[in-house]
Structures are given as C-alpha cells and as structure tokens.
Amino acid sequence: MEPSVKKKVLTVDDSRTMRDMVSFTLKGAGYDVVEAADGQQALGVIGANKVDLVITDLNMPVMDGLTLIRRLRATPAHRTLPILMLTTEADEKKKSEGRAVGATGWIVKPFNPEKLISVVQKVCG
Amino acid sequence: MEDLSRFKQTYFDESAELLEVAEAGLLRLTPGEVDSDEVNAIFRAVHSIKGGGGAFGFTELVAFAHEFETVMDGVRNNTVPVTTELVDTLIRANDLLGQMLAYAREGDPAPAGTTDGTVAALRRHLSGGAPQVQAPAAAPAAPAPAPVYADDEDDEAGLFGDAMAAIAAARAEEDPVPPGKLRWTIVFRPRPDLLMSGNEPAFMLRALRRLGDATVECHTDALPNLQNLEAELLHLSWTVTLIADADVDLDKINDVFEFVADDCDIRITAEAPPPAAPEAPPPVTDPVPVAAAAPQAVVAAVPEAPPKTLGADAPKAEAARPRPNGGGAEHAGLTSHTIRVDLDKIDRLVNMVGEMVITQAMIAEHVRELPPGEFQELLEGLEQLAQHTRELRESVMSIRAQPVSSVFSRMPRLVRECAATTGKEVQLVTSGETTEVDKTVVENLVDPLTHMIRNSIDHGLEGPEERERVGKPRAGTVHLSAQHRSGRIVIEITDDGRGINRPKVLSKAIEKGLVQPGATLSDEEIDNLIFLPGFSTADQVSNLSGRGVGMDVVRRNITSLGGRIGVYSTPGEGSRFVLSLPLTLAVLDGMVISVGEERFVLPLTNIVESLRPKAADLHGLVGKCDVMMARGEYVRLVYLHQLFGIPGAVADPTRALVVLVETEDGSRLGLVVDEVLGQQQVVIKSLEANFRRLDGVAAATILGDGRVALILDVAGLREMSRHMDSRAPRPPSSPVAALPAPALEPV
C-alpha cells in the first residue's frame, strides 16, 4: 500500500525533540519529511517544496499553528491541502478552533508512532 | 515506542534550554507590566517539556508540568493575576520541573510528595481566576471517539433511507459471515463541503480496507447535473461492507471518521456469523474469502495492531514494519545546522592541535639550522603549515567558544534573591552578553561573578530610603558588561552605590594587622586592601557575603585563570570592578626570550616594545631598583636573572635588551633579558596542576626543542619587584632549577 511516489510531509514544531520524532516515525513509514520550527518558516518551506501534508504544532513562536492554517487556507493552492494539528490531550477548545480555520484533523500529543502513521494514512494515503 | 527512546537525549538537552528560557522569562515577569510575548514563551517552554515528556512516558513529570502549564495558561489569558507571590511560585515550579527532569533522566521515580507543595501553591493561584483545574495529564486521554452509531435524528434528510439498510440486509442473507469474523456495514455520506477541510474520502475508504476485506459501493444519487455541478463540493456517498476479524471493534471503525464525524452522516451496523458464539475460536479450516461484488474494491487486509493506550510497550505491529533507516538527520527548511558533540571529543581535538603546534614549532626550529637558500620549497611549505596550524587552532578554539550569556543569564535570579534578602531595590543591567569566550573560561566565571554581584548589592548599594535621602533613585543599578579588548575579555561590574568607605577599610586593615598604623596609602592602595585574605568590611557576617568567601578568593580564582582584577571606586557614586581574562586557557601567542640558559615566554598582549637602553637612560635609586627613561616615562627595571637566580645572564642593561611590558591597568615594567628569540604560539600547560603555583609565573609550555619554558605573569612580576629589592639575589633553590621538565602532562 505504500505510495509509489513518496509523499512529502511537513512537520512544524518549535520543539526539536518533537520534530525529530515525527520525522523519524514518518520516514520509517516511507514518507519524505521536511521540517520547520514555526509557522513563518513553514510558509517558506511550502513555498519551496510541494508537500502533501502539513502536521503543525499550535503553540509556536513567531507564527502559531492556527495562524499558519488560516494563511494556508487563504491560498487557493492550499485550499484542500491536508493539515493536521498536533494538540495536547483534552484540548477540545483548540480542536474546534482548528476546525474553524480549516484544519483537516488532529494528532493527540504525545503521539505514539503507529497512531501517527495511521492518522497520516487517513488523510494523505 | 522503543524506537523513539533514541530522542531522549535531544529531549533532555532541549528541556535544559527551555528551562533557562522559562527562568529568564519568569525573572522578567513583573506585576503590572506583563509582556504577552514573554508569557507565551514561558508557556511554550513548559508546554514543550510536557509534550516531549509524555512521549517518553514520564508521567510524574508530565503531571507536574501540566499543573505549571495550567497556571501559565491562566496568566496568558489574564485569568491569573501576576503578583510577586505568583512569580515566586512559578520560579519554584520551574526549579522543580528541572528536578523532575533530572529524576526522569536518571530513570528514578521522584520521591513521594516531591511536587505536592508546589502543586498546591500553583493551584492556589488558580482558584481565584480560572474556574477549573484540568485533570492531570498522567494518562493522556485518547481522542474523543466519534459518535457511536449515527442515530436517526442525524439522518435529517433520510438520505440513507431504509433502502440502503435493506440492500445490506439482503446481501447479508446471501453471503453468510465467515466464522470468527464480523461483517460491518458502513454507510458514509459526507457533507458537500468536506473537501474544504482537506479531508479526502478516498483515504478514509482506504483506511477501512486496512481493517479487513472491504467492498465499496459508491452512490451517485445526489450528483447534480453538469450545469449545477460545483467542482469543489462533494456529492458522492458510499456503502462499505467490511468483513473483519473480531478484534476490529466499533472504536476502530469510528476512528477512521475521527476528523469528519461532525461533517458527515455515518451509520455503522455490525453482524456476527449466525451459528457460532462470538467467543468461539475460529475453526481450523480457513474461512472462504467473501465474493466481492465490486472487484476493484477488494484489498488484502493489513493487520492493524490493537489500540493501545499511549505510553504502552512497543506495539507488536511496530516490529513488523520496515525499520526506519536514517535517524531523522535531514532538517530541510531549517536555517541553523548544528550538531551536538561530546565535550571530551573537542577537548581531545584541542589537545591534539596543541601537540601539533608544538611539533610545528619543533620543525621550524630544526629548519632554522639548515643552510640558507637551499630548501626554498621546504621553507615555503613550512610557512604554509604554520599558517594553517594557526587557522586550525583558531577554528578549534572557536568551537569551544561560548557567549558569556550562559553565565550572565544566571545573574538576574541572584540579584532578585539578594535584593529580597537585603531589602534593597536593585536593577540589573547587562550588556555584551554575546561576547564569546572559551567554555573553560565561561565556566570559571560563575563563582567570581556571583560573589562580586552579591558583594555589590550587599556592601555597595544603599537601602532605598538612604538612596532617596542622598538624591538617588530608590532602586540601585548594578551593571554587568563584557567586551573583547586586545585579545582578552574584560568583564566589568559597576554599581551606583556608596562606593568603598576608605577610612573604614583602612582602620579595619590596621585593626587586623594588615597595614602598619600610621602608614600612608593612596586611595587606590586602600581600595585594593579588600582583596587581602581575611578582610571583610561587613560589621556582621551577613547571609550574603559572609560565607567564608572573600574578595581574596575571588582574586585567586581570577588569577588562576590567567586573569586580573582591579577595583575603582568613587565615594558616594559607586564602585567598578574590572576583570580581565584570557579568551582561552589552552593556547597563547607568546614571545620567547632568553635569560642565560633559560627560556621564558611573555604573553604577546603584554609586550609594548623591546629596546636597548643607553647608559644615559638608566637611573639607579638608592637601596631600590633601577629605573629607565623610556618614551618620556620612568619605568622600573626588573632583572629576570636576579628574580629567578639564573647564572650566566647579561647583567648590564646597555648590553642586554629591555622588553617593555604593560599590565592590564596600564602600569609598565622593563624586563631585562639577554635576547628576544621570536614570536611563537605556545600550548599552555598548567603549572598548578602539574607542579605548583609560582610567583610571577602564569603557566609553563613546551618549546619546539622539547624544553620546558615558563610563561611569565607580568602583573605577578610587578608585585614581586614591588615587594623586594630587585637587586637582592634570589636563593639558589629557584623554581626554574627545581622544575622537572619531562613530567609535564598536557593541560
């Protein structure tokens, strides 16, 4: 079931540990991964790469996750780009905020690798 | 999960940085002037520590971080007022978080009740503002499951109709469910705007197929005609018949629709095989695969591991997955590329470069003896080697360079504590935090700076009332600065307090027998008395500076780093302490000089010039040393051969050379030497570590010919020459003679 052309996932998080873990897990499952440490950087990375999925943290310096989603959704090219939020448990408020700005879904932090992969498969194949 | 444990080190490193960020932010948190960027940064730091901690299953740590974070969230949302007590609590919480990290790192559980007090204190701040305390995050909750079985009220339009259910039921009769399996019928009708959230039904259908043998039927009944078709809206719906193992439960199927449950109408029905009891083990004969109605929809089932609570052991399915290859090394899109290196490795590198510098000097030594003009290429090559060695040395040193901010950033907290203890109001201003110094120097700065800042607050600054009386602002200012100056780092601690009370210092010194009664001392000399061992102006031993550590210890620390400390004070206006330190403790640019058979190294930074005096320039002072007139200034002459008792040296300055040297405070000295041999980089070998401390000597080194040479400490020489008649010969047991040359180990 692995896609013949590797799908590219952008992971956006200000925590290096979290980026490393997301990146490691997804690469292990056959995805290409690019990284950014905040929303602003993420916009730069998306400008330079064709990504199939964005996984973004919500709390970040410079530009937070919700702003990033809003900015991406405002661009015609990214109207339907899958964007997952990494949220903390019990963060229902954030989930609904995220949905309101156009997030595709969410990953509960801390994630476990298989759950992450299954969620990613669910939104980008 | 085991796979992710490799990120623990990164996590602890990152957390240490985050703790510092949080602490710095907390120290700047002042009631009444809350900077939301600052608060956000603290919140994020705690949040990140919590997030990573959860990934590694540090439940106690996470639970505590959560309490901390909740209060920070309250501060962020202005529901928790910032008070001095709150800031104190938060600072304690940050300390405790560091402790919890240490326990997690060691793999020890924190002693029972470690966090109780702080958690209670944190919650007290919440009770006023934020109404609810969130449950501890010890067991991270799974995402809220999608609604169980879409109920009929949701089926507003009756779109599923009983027709679809009837179709499913009819087929169920035709194809009996294989034993040990369950048949699920899933009717899935998304709302038209589903695509706008980036969700893609095709992937959900694919996810269903991973759960078992799936048959997918697509319904196009809602499809408008071409004229009315809007490309971005979704008009399709699906019925999926899924034959799955018994361990596929409703939760797993709902999981597929986790993100879209609110934007879709979903109906899920299950049907067990008619005769066999659900618990019965599957028969030995393989179940016959279900005939697929739509051939393209049948997909081999990918076994999915059973759902796990987070933090559980490595799922079995994980083992079956292909092992990931790289370690996540690519950081595309990130601007800074850094790696973390074990310090031992760098130290080894520094040592090797040091040895290389020595070897290079040795070769240069030998080459000097070759007949001139014959080995042009060799000489050019060696010239280049010298150049590259120097560059290599500088590069390696810069690896170990660290901004002094790592020390400076600890000081706000210290100032805060001192201010609280002394009841004074203090404002700390820092500048030049980015100035870089070798890490060994940075590390050794902590103690002296801590002591001196305490000292400035405790002794230097007046209390707020007294300050007001003399027309100063209530809050005193302590300024801590760093800058590079002529190859050294100069750190200054300035306060706008009362300055050194000279009469008091002098009487204290006389009382303690450090100064003869009736002696006349210059202001500068009096100020310097505070560096004498056993000296303290505090009438009572206070909690702050009376810890048995005086300025004499500070000076010793600084001197052992090859540094110097000076004090400048103006009564009523304040004091300034000036530390001057080498940038590195490993390598030095020096000038090799000879005295008799001995070689010495003078730090290049001390040397002003060397000259051969005329007899007319020399003046003897009766019973004292000689002075020399150099550039319109009298300079005291120091005969190194006398100081160190070296035989066979040139004694007459008019036949010898005088090297004019300058100390940090600008005072000059003329060193009488036989010859200046040349400039050279030398690797500093600690004398104290390998032999013992010697007056006037900063360290030792190994020259190219393998000989040990002492590196002179100019300020120390000045002290020596001041306190003795430099004409008096030294006793024969001179340090040079006593030095065991080959026993020196690398620093």
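The values are calculated or read from the model by the stated rules, or taken from the named source; none is laboratory data. Keep in mind that this is a model prediction, so the values were computed, not measured. In this analysis, Cβ positions are derived from the backbone assuming ideal geometry, glycine residues included, and neighbour counts consider all displayed protein chains. The protein model used for the area step is the full one, side chains on, heavy atoms only, and it has no ligands, DNA or RNA in it. Shrake-Rupley method; radii C 1.70, N 1.55, O 1.52, S 1.80 Å.
Quick notes on this structure:
- Among the residues of A:54-62, the average count of other protein chain beta-carbon atoms within 10 Å of the residue beta-carbon is 3.
- Computed over segment B:411-483, Kirkwood Rh from alpha-carbon pairs, angstrom: 13.1
- For segment B:563-645, diffusion coefficient by Stokes-Einstein and Kirkwood Rh (Cα), 37 °C, 0.692 mPa s, µm²/s: 200
- Summed over the residues of segment B:178-271 and divided among them, the accessible surface reaches 39 Å² per residue at a probe radius of 1.4 Å.
- Listed values for segment B:342-357 are Karplus-derived 3J(HN,Hα) couplings in whole Hz (6.51 cos²θ - 1.76 cosθ + 1.60, θ = phi - 60°), namely 4, 4, 4, 5, 5, 4, 5, 4, 4, 4, 5, 5, x, 4, 5, 4, and x replaces Gly and Pro.
- Measuring between alpha carbons in the structure, the pairs from B:K8/B:K252; A:K95/B:K50; A:K8/B:K345; A:K7/A:K115 lying more than 27 angstrom apart are B:K8/B:K252; A:K8/B:K345.
- 10 Å beta-carbon shell around A:Q41, net charge (K/R +1, D/E -1): -3
- Per-residue mean of C-beta atoms belonging to partner chains within 10 Å, peptide A:70-82: 2
- Cα gyration tensor shape of segment B:1-96, rounded if a/c is under 1.5, else prolate or oblate by comparing a/b with b/c: prolate
- Here segment B:587-725 exposes an accessible surface that is 48 percent carbon and sulfur, computed with a 1.4 Å probe and the other protein chains kept in place.
- Probe 1.4 Å, accessible area per residue of segment B:1-125, Å²: 41
- Low-density loop cleavage sites - GluC sites (Glu not before Pro) in segment B:374-460, where at most 12 other Cβ are within 10 Å (DSSP): B:E374
- Amide H partners (placed H, <5 Å) of B:G212, local residues excluded: B:V302
- Shape class of segment B:405-530 from the Cα gyration tensor (axes a ≥ b ≥ c, square roots of the eigenvalues): oblate, since a/c reaches 1.5 or more and a/b does not exceed b/c.
- Nonlocal amide H pairs with B:G590, under 5 Å, H built at 1.01 Å: B:L604, B:Q680, B:Q681, B:V682
- For segment B:238-243, putting each phi into the Karplus relation 6.51 cos²θ - 1.76 cosθ + 1.60 with θ = phi - 60° gives couplings of 9, 10, 10, 9, 10, 9 Hz, in residue order, rounded to whole numbers and with x for Gly and Pro.
- Size of the A/B contact, given as accessible area buried on both chains, probe 1.4 Å, in Å²: 5200
- Around the Cα centre of segment B:587-725, unit charges on the Cβ atoms of Lys, Arg, Asp and Glu (plus for the first two, minus for the last two) sum to a dipole of about 100 debye.
- Between amide H atoms placed 1.01 Å from N, distances below 5 Å from A:T88 occur with A:K109, all of them 5 or more places distant or on a separate chain.
- Here the Kirkwood formula puts the hydrodynamic radius of segment B:443-501 at 12.7 Å, using every distinct Cα pair.
- Neighbour cut-off at most 11 other Cβ (10 Å), DSSP loop, chymotrypsin sites (Phe, Trp or Tyr not before Pro), segment B:625-716: none
- Reported value for segment B:495-537: 73 Å³ per residue, from the convex hull of its C-alpha atoms.
- Cα-based Rg / Dmax (Å) for segment A:11-125: 12.6, 35
- Counting, for every residue in B:419-430, the Cβ atoms of other protein chains within 10 Å of its Cβ and taking the mean gives 0.
- Loop-located trypsin sites (Lys or Arg not before Pro) in segment A:37-82 whose Cβ has at most 10 other Cβ within 10 Å (DSSP): A:K50
- Segment B:345-401 - Kirkwood radius from inverse mean 1/r over Cα pairs (Å): 12.3
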